[in-house]
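Chemist: I'd like to ask some things about the structure below.
The values are calculated or read from the model by the stated rules, or taken from the named source; none is laboratory data. The structure displayed is predicted, hence computed values, not measured ones. Cβ placement follows ideal geometry from the backbone for every residue including glycine, while neighbour counts extend to all protein chains displayed.
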């Protein structure tokens, strides 16, 4: 009999009601007519909670470019803060992680929104920090600032938000009816921040959140992204389609966190995986082919061209993208290099690349039985390629039902995932400590901190 693992995986799900596999909304039973409504996404979230997943994760984009290119997968139909607030009332234990860009908001707004969500959910809020490279024309700018500027802004932004969360000490609310003071004003501190991008007096206008601070996650595998994530994030979402590079990424990221004085065990590395499941391998492969047949190839050509910043209009579907069309410029991002590897080194034709990207968008995908997919997940986990996975449902609701009813129980039976929630907050369930407010930890005037 095999020994049970010492700890279990982190399992979250990327909540894309249209399905992570592009054009899977065209399948019978997709409930695509309900997109942008609450009941559909609430049903999926309750399904995730019954499976004891750590969190649902909502991405966000603030433009309609992909929709105009025929792709509704990565859409803004579900604005994260509004939908997560609604879902907080429909759930009890599952974490609620939402994306808010540091490029299109202000620290005080985000601090209030996330703190408010943490209060409304009883301590289950998480913020996915992104810097954004598109959508600036909708916010009064002609083009995106360069990556270095965006990440400097993001670093200052997150610092200000954290200080605002800490501007109320845990004991600030005294609720003293006799004296007539609801708060101890001496435990509420201005932050008086003046930086390159922001001037924020503070303090925040609500009590410290149940988790102390909402959980921070960050998605970015570039150099600046890793620098930001290793400094502040509790969880790292990353696209890692191949095991050995993921092992290297894991080791490097953990060392970066340790070098900053952080406990690397408290920084969770969470790559994405898209499992296409069947009771037999043949059945899973047939389902993968069915999904591929729903892909709109011409829209796919446009989307791949947009992702790679190439004009693919004259290329035949069964031709390869010429190697010389690709660039080694690191500013194009880590996912661009994944696509380059698949096209140049693995020899995928344009048709194959369109279908592969429809399935994975840079993540790994696998068609197989629940046992086969669990084998791979356990292998990655035990090889220190990850601390768990962000589960990308290929189609909804049926594909997610297969994940929750067949894959998750397989992992539970092997001891690699929980059968009951450990606590009531997202930090509890991720095994993360509750941070003390900086003012309390330092025993100093908070206005002097940071």
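Chemist: Considering only the range 246-303, how many residues are closer than 23 Å to residue 372 by Cβ, assigned to a loop (DSSP other than H, G, I, E, B) and in contact with a helix residue (DSSP H, G or I) (Cβ under 8 Å, 6 or more places away or on another chain)?
Modeler: Residues flagged as closer than 23 Å to residue 372 by Cβ, assigned to a loop (DSSP other than H, G, I, E, B) and in contact with a helix residue (DSSP H, G or I) (Cβ under 8 Å, 6 or more places away or on another chain) within the range 246-303 amount to 1.
Chemist: Same structure again: With respect to residue 300, determine if the residue is modelled with pLDDT under 90, surrounded by 18 or more Cβ atoms within 10 Å (Cβ to Cβ) and within 22 Å of the chain's Cα centre (by Cα).
Modeler: no
Chemist: Hey, which of the strands (runs of 3 or more DSSP E) in the range 166-243, taking only ones fully inside, have at least 3 residues that are surrounded by 22 or more Cβ atoms within 10 Å (Cβ to Cβ)?
Modeler: Result: 215-219, 235-238.
Chemist: Another question, if that's okay. Which of the residues that make up the range 313-326 are outside any helix (DSSP H, G or I) and touching a residue at least 12 places away in the same chain (Cβ under 8 Å)?
Modeler: Within the range 313-326, 313, 315, 316, 317, 318, 319, 320, 321, 326 meet the criteria.
Chemist: If residue 97 passes every condition in (1) touching a residue at least 24 places away in the same chain (Cβ under 8 Å); (2) over 21 Å from the mean Cα position of the chain (by Cα); (3) outside any helix (DSSP H, G or I) but one, which one does it miss?
Modeler: (2)
Chemist: So, one more: In the range 15-30, which residues are over 16 Å from the mean Cα position of the chain (by Cα) and either touching a residue at least 24 places away in the same chain (Cβ under 8 Å) or surrounded by 24 or more Cβ atoms within 10 Å (Cβ to Cβ) (or both)?
Modeler: Across the range 15-30, the qualifying residues are 18, 21, 22, 23, 24, 25, 26, 27, 29, 30.
Chemist: A follow-up question, please. Determine which member of the set 366, 310 is modelled with pLDDT of 90 or more, in contact with a helix residue (DSSP H, G or I) (Cβ under 8 Å, 6 or more places away or on another chain) and either surrounded by fewer than 18 Cβ atoms within 10 Å (Cβ to Cβ) or part of a loop (DSSP other than H, G, I, E, B) (or both).
Modeler: Residue meeting the stated conditions: 310.
Chemist: Is it the case that the range 431-438 has a residue that's in a helix (DSSP H, G or I) and touching a residue at least 60 places away in the same chain (Cβ under 8 Å)?
Modeler: yes
Chemist: I've got another one for you. Could we say that residue 246 is under 25 Å from the mean Cα position of the chain (by Cα), at pLDDT 95 or above and buried (at least 21 other Cβ atoms within 10 Å of the Cβ) here?
Modeler: yes
Chemist: May I ask you to verify whether residue 123 is touching a residue at least 24 places away in the same chain (Cβ under 8 Å), surrounded by fewer than 23 Cβ atoms within 10 Å (Cβ to Cβ) and assigned to a helix (DSSP H, G or I)?
Modeler: no
Chemist: Among the residues that make up the range 415-424, is at least one of them under 28 Å from residue 290 (Cα atoms) and either modelled with pLDDT of 95 or more or outside any helix (DSSP H, G or I) (or both)?
Modeler: no
Chemist: Taking only the range 269-295 into account, find how many residues are under 17 Å from the mean Cα position of the chain (by Cα) and farther than 19 Å from residue 29 by Cβ.
Modeler: Residues meeting the conditions: 5.
Chemist: Restricting to the range 17-40, name every residue that is within 18 Å of residue 288 (Cβ to Cβ) and either touching a strand residue (DSSP E or B) at 6+ places or on another chain (Cβ under 8 Å) or assigned to a helix (DSSP H, G or I) (or both).
Modeler: 20, 21, 24, 25, 26
Chemist: Under 6 Å by Cβ, and 6 or more places apart or on different chains, what pairs join a residue from the range 202-214 that is within 14 Å of residue 188 (Cβ to Cβ) with one that is in a loop (DSSP other than H, G, I, E, B)?
Modeler: Pairs that qualify, where the first residue is within 14 Å of residue 188 (Cβ to Cβ) and the partner is in a loop (DSSP other than H, G, I, E, B), are 202/167; 202/190; 202/191; 203/167; 203/189; 203/190; 204/167; 208/170.
Chemist: Answer yes if at least one residue in the range 369-386 is assigned to a loop (DSSP other than H, G, I, E, B), at pLDDT 95 or above and under 18 Å from the mean Cα position of the chain (by Cα), and no otherwise.
Modeler: Yes.
Chemist: Please identify the pairs in which a residue from the range 129-158 that is part of a helix (DSSP H, G or I) has its Cβ atom under 7 Å from the Cβ atom of a residue that is loosely packed, with under 15 Cβ neighbours inside 10 Å and modelled with pLDDT of 95 or more, counting only partners at least 6 apart or on another chain.
Modeler: Sorted first by the residue in the range 129-158, then by its partner, the pairs are 152/196; 156/196.
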